[in-house]
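Participant: Structure below; questions to follow.
The values are calculated or read from the model by the stated rules, or taken from the named source; none is laboratory data. The structure presented is a predicted model; accordingly, all values stated were derived computationally and were not measured. Glycine also receives a Cβ, built like all others from the backbone with ideal geometry; neighbour counts cover every protein chain displayed.
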Amino acid sequence: MLATLIPFFDKDMKVCAYSLFSQKENYLLNPELQGSAILNGSGRVSGLEIIENIGIDTLSPGTKVFLPVGPINIFADIEAQSAEMRDRLVLLCDNTITNTDAYRKRLKQLKQGGYKLAIFKLPVAQFENYKEILKLMDYIILDCKKIDVMKAKIYFAHQYPKIKICVGNVENQELFDRVKQDKAFHLFEGRFYRIPVTKGKTAIEPLKVNYLELMNTVNDEDYELTQAADIIGRDTALVLSLLEMVNRISVNSQITSIRHAAAILGQKELKKWINTVITKELCADRPNEITRISLLRAKFAECLAPAFGLGLKASELFLMGLFSVLDIILNVPLEEGLARVNVSKDISDALISHKGDLADVYDFILAYENADWQEACRWLVVKDISIDTVYQAYIEAVCWYREVFF
């Protein structure tokens, strides 16, 4: 199973929903399955097990999940399979679900059962043919690369005033700033919130400077625990977080000082903890999805290390994933941001030039989180990695994120 969560934002950049995309098989290894993929797992909605494994509350509180349903599994016993989460699910259809009596009847059943409905991948030429189905929809996702959303909003306001319009494929911040001003649009999806900074320079606030100094210290090859502990002592929030961490792993320990707490963690674990918690703090004034991406990439990369033959570089892979959005966090070019946190050349080469052994894992993760299953499967073939290995690594990463963040 391959699966990833793609966020939907409101105009204030708050994550309000995720769309879950999944694929059960590696069709590059088993091309004969592609033609019958529509029947694969027809008795169950693909992706529900992902939500069950990670727990729906692992996602941002109150968010909905857009769950794709196909022309076969829409007739599965969705009601029994998702009874406990139906108020959080939006069943996402596309134009493979046609405007026929059978599909209309089933959609009405689901809607009467408390499910929200959405549709995407519907070309303008089919709008009129889908009148009866569109009347049942709560959301429509319009790809702004393929559809003039400003014209489409007029059509939907007139024909279907209750449907919520979501703008998909928003590529850059300028486009987001433009469309978010229009009250006709409800949610927004695209890569606009994680566009790399390639030029420009912004002064870093004093607190961020302190965090960067601490990161710089612990990312030295053989840093001093006492020096790191003294820098932690300048920030009350970090001190409290450190003590909570130490108390979880060391029962009944009498902590006498910040240096003592740091010593209990040890050099390796302190370094990992500092890089993780400070990244969360640095993300505080950025969209919360940036924090999730940073932490998930970090743990996912670490979990994939053995599969890519890089078990000895798991710690470096963790940092690579963690700092892969450092340009967005600090609002400076990535090369400048990486220089400030003193990372290894291998990490810099992977993130800036996509070169070196670590770059393979980074490029795979980028394809994976974008649901580019063809490219992700190509990497699995090249590296001789099973789809189950990746699935387990992803689940482990998401569960770790839940423990860190909640």
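Participant: Would you confirm whether or not the stretch 333-350 contains a residue that is among the hydroxyl-bearing types (Ser, Thr, Tyr), under 25 Å from ILE6 (Cβ atoms) and in the same structural domain as ASP220 (by TED's automatic domain parsing)? First the steps, then the outcome.
Facilitator: Looking only at the stretch 333-350, we keep the residues that are among the hydroxyl-bearing types (Ser, Thr, Tyr), and these are 344, 348.
Pick out the ones that are also under 25 Å from ILE6 (Cβ atoms) and you get none.
No; the residues of the stretch 333-350 include none that is among the hydroxyl-bearing types (Ser, Thr, Tyr), under 25 Å from ILE6 (Cβ atoms) and in the same structural domain as ASP220 (by TED's automatic domain parsing).
Participant: Let me ask something else. Could you list, in sequence order, the residues of the stretch 161-200 that are surrounded by fewer than 17 Cβ atoms within 10 Å (Cβ to Cβ) and hydroxyl-bearing (Ser, Thr, Tyr)?
Facilitator: Once the filter is applied, which keeps residues that are surrounded by fewer than 17 Cβ atoms within 10 Å (Cβ to Cβ) and hydroxyl-bearing (Ser, Thr, Tyr), the stretch 161-200 yields only THR198.
Participant: Separate question: Just the residues that are within 16 Å of LEU351 (Cβ to Cβ) and touching an Asp or Glu at 6+ places or on another chain (Cβ under 8 Å), please, taken from the stretch 297-307.
Facilitator: The one that is within 16 Å of LEU351 (Cβ to Cβ) and touching an Asp or Glu at 6+ places or on another chain (Cβ under 8 Å): ARG297.
Participant: Still on this structure, please answer the following. Taking ASP285, is it within 21 Å of the chain's Cα centre (by Cα), surrounded by fewer than 23 Cβ atoms within 10 Å (Cβ to Cβ), within 25 Å of ALA228 (Cβ to Cβ) and among the acidic types (Asp, Glu)?
Facilitator: On the way: within 21 Å of the chain's Cα centre (by Cα): yes; surrounded by fewer than 23 Cβ atoms within 10 Å (Cβ to Cβ): yes; within 25 Å of ALA228 (Cβ to Cβ): yes; among the acidic types (Asp, Glu): yes.
Judged against the criteria, ASP285 is a match.
Participant: Tell me yes or no: at least one residue of the stretch 265-282 is small (Gly, Ala, Ser), in a helix (DSSP H, G or I) and either within 24 Å of VAL239 (Cα to Cα) or modelled with pLDDT of 90 or more (or both).
Facilitator: Checked the stretch 265-282: no residue is small (Gly, Ala, Ser), in a helix (DSSP H, G or I) and either within 24 Å of VAL239 (Cα to Cα) or modelled with pLDDT of 90 or more (or both).
Participant: Could I ask something else about it? Kindly evaluate GLU316 against the criterion of being acidic (Asp, Glu), under 16 Å from THR217 (Cβ atoms) and in a helix (DSSP H, G or I). Give the steps one after another, and end with the answer.
Facilitator: Numbers: acidic (Asp, Glu): yes; under 16 Å from THR217 (Cβ atoms): no; in a helix (DSSP H, G or I): yes.
Spelling it out, it is not the case that GLU316 is acidic (Asp, Glu), under 16 Å from THR217 (Cβ atoms) and in a helix (DSSP H, G or I).
Participant: Here is a follow-up. For the stretch 292-305, give me each residue that is over 16 Å from THR63 (Cα atoms) and not small (Gly, Ala, Ser). Even if it seems obvious, please write down each step before you answer.
Facilitator: Going through the stretch 292-305, the residues over 16 Å from THR63 (Cα atoms) turn out to be 293-305.
Listed by number, the residues that qualify are ILE293, LEU295, LEU296, ARG297, LYS299, PHE300, GLU302, CYS303, LEU304.
Participant: Here is a further query. So which residues in the stretch 373-395 are surrounded by 15 or more Cβ atoms within 10 Å (Cβ to Cβ) and part of a loop (DSSP other than H, G, I, E, B), if there are any at all?
Facilitator: Selection gives ILE385 alone.
Participant: Quick check: is even one residue across the stretch 327-339 surrounded by fewer than 21 Cβ atoms within 10 Å (Cβ to Cβ), at pLDDT 95 or above and among the small types (Gly, Ala, Ser)?
Facilitator: There is no residue in the stretch 327-339 that is surrounded by fewer than 21 Cβ atoms within 10 Å (Cβ to Cβ), at pLDDT 95 or above and among the small types (Gly, Ala, Ser).
Participant: Moving to a separate point now. Can you say whether LEU296 is among the aliphatic types (A, V, I, L, M), within 21 Å of THR217 (Cβ to Cβ) and either at pLDDT 90 or above or in a helix (DSSP H, G or I) (or both), as far as the supplied structure shows? If you could, list the steps in order and put the result at the bottom.
Facilitator: On the way: among the aliphatic types (A, V, I, L, M): yes; within 21 Å of THR217 (Cβ to Cβ): no; either at pLDDT 90 or above or in a helix (DSSP H, G or I) (or both): yes.
No; evaluated as a whole, the condition is false for this residue.
Participant: Let me ask something additional. Scan the stretch 82-93 for residues that are part of a helix (DSSP H, G or I) and either of a type in the set (Val, Ile, Thr) or more than 21 Å from TYR139 (Cβ to Cβ) (or both) and report the count. Please lay out each step first, then the result.
Facilitator: Step one: list which residues in the stretch 82-93 are part of a helix (DSSP H, G or I), which gives 83-88.
Pick out the ones that are also either of a type in the set (Val, Ile, Thr) or more than 21 Å from TYR139 (Cβ to Cβ) (or both) and you get 83-84.
So the count comes out to 2.
Participant: Looking at (1) more than 21 Å from TYR193 (Cβ to Cβ); (2) part of a helix (DSSP H, G or I), which one does LEU366 not meet, given that it meets all the others?
Facilitator: Only one criterion is unmet by LEU366, namely (1).
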